[in-house]
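No lab work stands behind these numbers, since they all come straight from the coordinates. What you see is a predicted model, and the numbers here were worked out from it, not measured in a lab. Here the Cβ positions follow ideal geometry from the backbone for every residue, glycine too, while neighbour counts run over all protein chains shown.
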């Protein structure tokens, strides 16, 4: 058993050990998780921009394929919106499996 003179040293070692344990088990994994979150956020933004640009290109292709006229242009916008919803539904359906 520890004597009265060793007690302050043991308490100091206990606090140092507890501090190191908490640092190892909480702070280091949290930093790794934060780094992963940053990379994931950057990837999500890149995919969002890519899907936005691809949907605009697809819409322009459909509108340009329609004959001239306001009615056909409106039908092109509606067709592209339906096609975009269909692609989104297909992606959501496949992702839920």
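Multiply the residue gap between residue 20 and residue 44 by 0.36 nm, knock off their C-alpha separation, and tell me the result in nm, one decimal place. Before the final figure, lay out the partial values.
Details: separation 24, 0.36 × 24 = 8.64 nm, distance 3.51 nm.
Stretched out fully, the residue 20 to residue 44 stretch lengthens by 5.1 nm.
Expressed as an acute angle from 0 to 90° and rounded to the nearest 10, what is the orientation of the C-alpha long axis of helix 70-95 relative to the principal long axis of the chain?
So the helix axis and the longest Cα principal axis differ by about 30 degrees.
Given only helices, namely DSSP H runs of n ≥ 4 each adding -39500 (n - 2.57), what is the per-residue ellipticity at 222 nm of the chain, to the nearest 500 deg cm²/dmol?
Values: 3 runs with 80 residues, N = 97.
Rounded to the nearest 500, the figure is -29500 deg cm²/dmol.
Report the paramagnetic label zone for residue 65: residues of the stretch 77-93 whose backbone N is under 15 Å from a point 7 Å from Cα along the Cα-to-Cβ axis.
Answer for this model: 77-87.
For an R0 of 41 angstrom, estimate the FRET efficiency from the Cβ-Cβ distance between residue 87 and residue 32 and round to the nearest 0.05.
Details: r = 35 Å, r/R0 = 0.85.
Calculated transfer efficiency: 0.70.
So which residue, out of 53, 14, 37, gets the largest mean-square fluctuation from a GNM of the chain using Cα contacts under 10 Å as springs?
Its mean-square fluctuation being the largest, the pick is 14.
Wrap a convex hull around the Cα atoms of the chain, take a quarter of its surface area, and give that in square nanometres. Please list the in-between numbers first.
Details: hull surface 44.1 nm².
Taking a quarter of the hull surface, the average projection is 11.0 nm².
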